[in-house]
1. Would you check if there is a residue in the stretch 219-239 being among the small types (G, A, S) and modelled with pLDDT of 95 or more?
2. What's the number of the condition R282 fails, among (1) closer than 30 Å to V437 by Cα; (2) modelled with pLDDT under 95?
3. Return yes or no: is E148 in a helix (DSSP H, G or I), open to solvent by 10 Å² or more (accessible area, probe 1.4 Å) and at pLDDT below 95?
4. Could you please let me know if E268 is open to solvent by 20 Å² or more (accessible area, probe 1.4 Å), at pLDDT 90 or above and either more than 21 Å from Y130 (Cβ to Cβ) or out of contact with any strand residue (DSSP E or B) (no Cβ under 6 Å at 6 or more places or on another chain) (or both)?
5. Regarding S111, is this residue among the small types (G, A, S), surrounded by fewer than 22 Cβ atoms within 10 Å (Cβ to Cβ) and either more than 21 Å from the chain's Cα centre (by Cα) or assigned to a loop (DSSP other than H, G, I, E, B) (or both)?
6. From the list P98, P48, which residue is open to solvent by less than 10 Å² (accessible area, probe 1.4 Å), farther than 30 Å from C386 by Cβ, modelled with pLDDT of 85 or more and assigned to a loop (DSSP other than H, G, I, E, B)?
7. Is it fair to say R158 is charged (D, E, K, R), over 30 Å from I381 (Cα atoms) and part of a helix (DSSP H, G or I)?
8. Taking the condition of being over 30 Å from S99 (Cα atoms), of a type in the set (D, E, K, R) and assigned to a loop (DSSP other than H, G, I, E, B), how many residues in the stretch 324-356 meet it?
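The values are calculated or read from the model by the stated rules, or taken from the named source; none is laboratory data. As the structure is a computational prediction, the values presented were derived from the model and not from experiment. Using ideal geometry, Cβ is built from the backbone for each residue, glycine included, and neighbour counts are taken over all protein chains shown. The area values use the complete protein model at the heavy-atom level, side chains included, leaving out ligands, DNA and RNA. Shrake-Rupley method; radii C 1.70, N 1.55, O 1.52, S 1.80 Å.
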Amino acid sequence: MDKISFNSRVGRISSKAFPLVAGLASSGVVVCIVSFCLFGIMLSTLIPPFQVPDEPMHWIAGYARTHSTVSPSDPKQHCSIANALPALFEVGRIAFYPSNKFDTTSFESLSKAKAGCSETYLNYGVATTYPGILLGRLFTLGEETVPEKTFQVFLLGRLFQGALIAFLFWRLVSVALATRGYMMGMLATSVLMLSPLFIQQSFAISADGVTFALSLSLLFFLFFMKEARWLDWLLMVVLATTVSATKPPLFLPIPVFLGVGLSRMHKEGLLHEDRGPRQSWRKWLVYGCIVMSFLATAWVITTQSQGHSDAVIKANQNRAEQVAYVKQHPMSVAGTVISHTEKYFRLAPLIGPLGWLDASLSAWTVTKYRHIVIATVLIEILLVFCLIPSRGIRVPTQSRVVLTILLVGSELCAALAVTFILYLAWTPPGAATVMGVQGRYFLPMLLTIPLVLGDLVWPVRQGDTVRLSSGMGSIFGTLLFSFLLLSLAFPLYLDLIRRWW
């Protein structure tokens, strides 16, 4: 067989296989979205109240801020049943003690709860940091005086936090499938969202939920700014401002992703409005969002410098001495920050442990999640091999490579900034390690990378009408990922009940 006929046969096989593999991948994404919701309900109901890291503090802060001011100067002034719930559920007896199980009689005492005053001070975040609490209060009447209603707000808050993330990902996926058929890296992103740690933090009263939501919103505006409707714009502006006022290092990707998304629209000739009297309304919205995010970042940095949380005070950290040490040993500190950040960009720290870092996942659970990751990698690689002879991988231009480096670089800089801030605020002066770092802090950055890198080679552009997937591939993908995710659900369920029940 000569080379020409061989290449021709490979091209025919690849052109037939491509819709099958694309259908397998796209249906896998849909199954992952459904599973994210189901797993989230399972974790939010099986993990007892206030057993997620810092959840009691976030609950008290979020409840106080949604009732009184954005950042109350004296939390003791706010007394309510909400402040009494963490003590009622005996957080101190259970957290960090894997041998202690949850006492179900706490539910029997719920109706007898009396209002208590909080001594917890959380020196970051605003009311919109906790959209779940805001929505939970919207659907609950009398929650300030009836203990059962207050607890209902808590549980609804967990569910609504995760529902926001699920909605934003569904929005991203639905537009991607409608306009491009599929996007390289989308399956990898959906599998990353099925990490038990990601799901736990998504369906919890935590500041992590809005950071995950912002990453998904930034991805949407990076690729599909023209398809954005008023709700997309509203959520993006609120999330960008909220996250900047909650986690200042995460401001770094905001101007980069929005700026690149705006630039892509210009280069692809999609900003037809720029030619008329209504020119650049998207541009001004983007600029306004960036300015608001910057001001929010400056505001929270200023307020944090004026007060410290109880945990920081008890740790007796000395930021002035630490800053002096950094100035004297910049290269040594840089190496420590980089090496400590790098070790969290691996599989194990990104899937567990759960709870207050005291609920380790069994080897069975880790193995099943690894199987899903392996299947995802193989499918994405197979899709690339099908692309080469059938459609050809799009060779990225120099400008696109530069923009991709800028996008990924902004996320890596944000990750390094997170570690560096913890080195300054939580680590004893001159230490050769970084205290307080957890894998969940880097999930928002990792969430964007698969789609950003995959866009470099994906040849199907927005607006193409090429049929990308086959019904057989969709059926096979649905069955495959349903089986894999069911296999993960069983050991994960056992891990949860063994730890708490």
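1. So in the stretch 219-239, the residues among the small types (G, A, S) come out as 228.
Add one more test, that the residue is modelled with pLDDT of 95 or more, and what stays is none.
Checked the stretch 219-239: no residue is among the small types (G, A, S) and modelled with pLDDT of 95 or more.
2. Only one criterion is unmet by R282, namely (1).
3. Details: in a helix (DSSP H, G or I): yes; open to solvent by 10 Å² or more (accessible area, probe 1.4 Å): yes; at pLDDT below 95: yes.
Judged against the criteria, E148 is a match.
4. Numbers: open to solvent by 20 Å² or more (accessible area, probe 1.4 Å): yes; at pLDDT 90 or above: no; either more than 21 Å from Y130 (Cβ to Cβ) or out of contact with any strand residue (DSSP E or B) (no Cβ under 6 Å at 6 or more places or on another chain) (or both): yes.
Considered against the rule, which asks whether it is open to solvent by 20 Å² or more (accessible area, probe 1.4 Å), at pLDDT 90 or above and either more than 21 Å from Y130 (Cβ to Cβ) or out of contact with any strand residue (DSSP E or B) (no Cβ under 6 Å at 6 or more places or on another chain) (or both), E268 comes out as no.
5. Answer is yes for this residue.
6. On the way: P98 fails: open to solvent by less than 10 Å² (accessible area, probe 1.4 Å).
Matching residue, one of P98, P48: P48.
7. Numbers: charged (D, E, K, R): yes; over 30 Å from I381 (Cα atoms): yes; part of a helix (DSSP H, G or I): yes.
Taking the combined requirement at face value, the residue satisfies it.
8. Count: 0.
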